[in-house]
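Each value in this text was obtained by applying a stated rule to the coordinates, not by laboratory testing. Remember, predicted model here, so these are calculated numbers, not experimental data. Please note: Cβ atoms are built from the backbone with ideal geometry, for glycine as well, and neighbour counts cover all protein chains shown.
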Amino acid sequence: MEESCSLHTCIDELTTTINEQLRIHYTIEWFKYWLGDESYFDDLYFEKVEEYSYRPFSDQESSMIKQKGVNLERIIGRWLKANPAITLNDLEEKVTQYIKAQFKKEDLKQFFDDCEC
């Protein structure tokens, strides 16, 4: 079995970690507050991209990467507002697809070696 490239490894680990955090916190009464204040998706994005990137980041690039995590928090909030009864499985699927779409954009792809998967 072939190993995944650094890009796909980063996406997989980020998605897995975020979905695990959602599973832990989804049923708590203050989920929406956790999501905006204590989920720290911005830091998680930065840590994972930094771990798998082939190069260091400028301050502007670091901010852009962290903003991707903030954007995910915001979109999850919108999904919850639009469908308060969304199941955890459906939410996880939406998160997975959203993260994959984020990493298809050149602003994130630039930090990884070319994908040969």
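Consider F112 carefully, then state whether it is aromatic (F, W, Y), surrounded by 12 or more Cβ atoms within 10 Å (Cβ to Cβ), without any contact (Cβ under 8 Å) to a residue 60 or more places away in the chain and in a loop (DSSP other than H, G, I, E, B).
Here the answer is no, as F112 does not meet what is asked.
Across the stretch 43-60, what is the number of residues that are assigned to a helix (DSSP H, G or I), touching a residue at least 24 places away in the same chain (Cβ under 8 Å) and of a type in the set (F, W, Y)? Steps first, please.
Restricting attention to the stretch 43-60, the residues satisfying the condition of being assigned to a helix (DSSP H, G or I) are 43-52, 59-60.
With the extra rule that they be touching a residue at least 24 places away in the same chain (Cβ under 8 Å), the set shrinks to 43-45, 48-49, 51-52.
Next, from what is left, pick out any that are of a type in the set (F, W, Y): 45, 52.
Of the residues in that region, 2 qualify.
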Residues of the stretch 1-42 being more than 10 Å from the chain's Cα centre (by Cα), free of Cβ contacts under 8 Å to residues at least 60 places away in the same chain and part of a helix (DSSP H, G or I), which ones? T9, E20, Q21, I24, H25, F31, K32, Y33, W34, L35, G36, D37
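Tally up the residues in the stretch 98-109 that are surrounded by 12 or more Cβ atoms within 10 Å (Cβ to Cβ) and free of Cβ contacts under 8 Å to residues at least 24 places away in the same chain, please.
Restricting attention to the stretch 98-109, the residues satisfying the condition of being surrounded by 12 or more Cβ atoms within 10 Å (Cβ to Cβ) are 98-100, 102-103, 107-109.
With free of Cβ contacts under 8 Å to residues at least 24 places away in the same chain added as a condition, the list becomes none.
Number of matching residues: 0.
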